[in-house]
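Nothing in this text is a laboratory measurement; each read-out follows from the coordinates by a stated rule. Predicted model only: the values in this text are computed from it and were never measured. A quick note on method: Cβ atoms are made from the backbone with ideal geometry, for glycine too, and the neighbour counts reach across all protein chains shown.
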Amino acid sequence: MKIIIDAMGGDHAPDEILKGAFDAVREYGVELIIVGDEKQITHLSNVNSFDLTQHRVVHTDVVVNMDDDPMVVLHAKKESSLCTGLRLLAAGEGDAFVSAANTGALFTAASLIVRKIPGVQRAAIASILPMTPPVLLLDSGANVTVTEDYLEQFAVMGNAYMKSVHAIERPRVGLLNNGSEACKGTQLQIDTYKRLESNGKINFVGNIEANNIPFDACDVLVTDGFSGNITLKAIEGMGKMMLSTLKNCFYTNIRTKTAAVLINEEIRQIKRDFDPSEYGGAPLLGLRKPVIKAHGSSKAKAIKSAIRQAKDYAVTGVADEIANDIKKMIDARHEQVDNAAVMEEIK
């Protein structure tokens, strides 16, 4: 399994990116194609006692910065580590690509270089929410403006991902809304509800209010990128606040410190459950090949997890399943339109 890694993308590149990549090699046995400044990569490999001989380094000293306009990937920085890695993926030289670079730049470049699955109108960022069991949220930042067509396709793609990667036989698909009733929300939510309800290929469980997300309400949560990104960050922020409050509680006095020692493993499990770095990154669903977006602030642990996620994505062949499901959905829609036209002629 060859994983292409953008060594220069992210707030802590290349040090933490490479440390995480080296850890992933040791734990998951993947082969790396490392894209970035060869001098820095070689130096950090020596510092971390990592043998590069079984891996490939592709040199470029062009870097997409976190504050760059996403359009730089089209002209000014098309030779960046981000774009170079995606071209390697598109050419079939690796099985998956991982980057912690600028989200907008990655999404733009991946859509143009790797390209979307035929029939997919827009790819989506699919983030795993740190719940028990986990919830796949899409879109979580790429598509601020959407249509009911986009949202139905997000539901189909998320359904395929959770079935294949998380082994959920019949994922429950929900629509993020401000009420559980079918009539709630804007016209977009009302129309999307009808679409999802009539789609026999997914297990639609209705509207999901934000306060019900942590309580096993669904496995796939569909929304636009604006609402999704706010939801994701609110949940991550709340998780950090809860962990901080819990820590302060157990360090109040000798009695609470003693209690902390007694339930140390349980506390560690809570921390793992709420730790985004356990999942590492978000797959860009709807592309022809696996692309994983790691958080811009990712450190070694998160990068290692993102590489594990990339490996799982590539092994399961989710992209092919998504392509098949999208084709079936489009064919079913065309058949409905044709039947409606025939009925109209009969009238």
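What the table shows:
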quantity: Check: segment 127-277 dipole with +1 on Lys, Arg Cβ and -1 on Asp, Glu Cβ, in debye; calculated: 660
quantity: Estimated translational D of segment 16-120 in µm²/s (Stokes, Kirkwood radius over Cα pairs; 25 °C; 0.890 mPa s); calculated: 169
quantity: P(r) histogram, all alpha-carbon pairs of segment 173-249 included - 10 Å bins from 0, percent; calculated: 18, 45, 24, 10, 3
quantity: Cα-based reach from Lys19 at 13 Å (exclusive), listing aspartates and glutamates while leaving out same-chain residues under 8 positions away; calculated: Asp6, Glu27, Asp51
quantity: Taking His334, His75 and counting other C-beta atoms within 10 Å, the order from fewest to most; calculated: His75, His334
quantity: Scaled radius of gyration (Cα, divided by 2.2 N^0.38 Å) that segment 127-277 gives; calculated: 1.21
quantity: Long-range tail of P(r) for segment 116-195 (Cα pairs > 14 Å, %); calculated: 65
quantity: Unit charges on C-beta of K, R, D, E only; dipole of segment 1-138, Debye; calculated: 540
quantity: Given Lys116/Lys311; Lys247/Lys301; Lys77/Lys328; Lys2/Lys247; Lys201/Lys301; Lys304/Lys328, the pairs whose alpha carbons are separated by over 31 Å; calculated: Lys77/Lys328; Lys2/Lys247; Lys201/Lys301; Lys304/Lys328
quantity: 10 Å binning of all Cα-Cα separations within segment 218-309, expressed as whole percents from 0 upward; calculated: 14, 35, 31, 15, 5, 1
quantity: Cβ charges +1 (Lys, Arg) and -1 (Asp, Glu), total dipole of the chain, debye; calculated: 660
quantity: Computed over the chain, Kirkwood Rh from alpha-carbon pairs, angstrom; calculated: 21.3
quantity: Least to most buried among Phe97, Phe215, Phe226 (fewest other Cβ within 10 Å first); calculated: Phe215, Phe226, Phe97
quantity: Cβ crowding within 10 Å averaged over residues, with 136-144, 180-188 ranked highest first; calculated: 136-144, 180-188
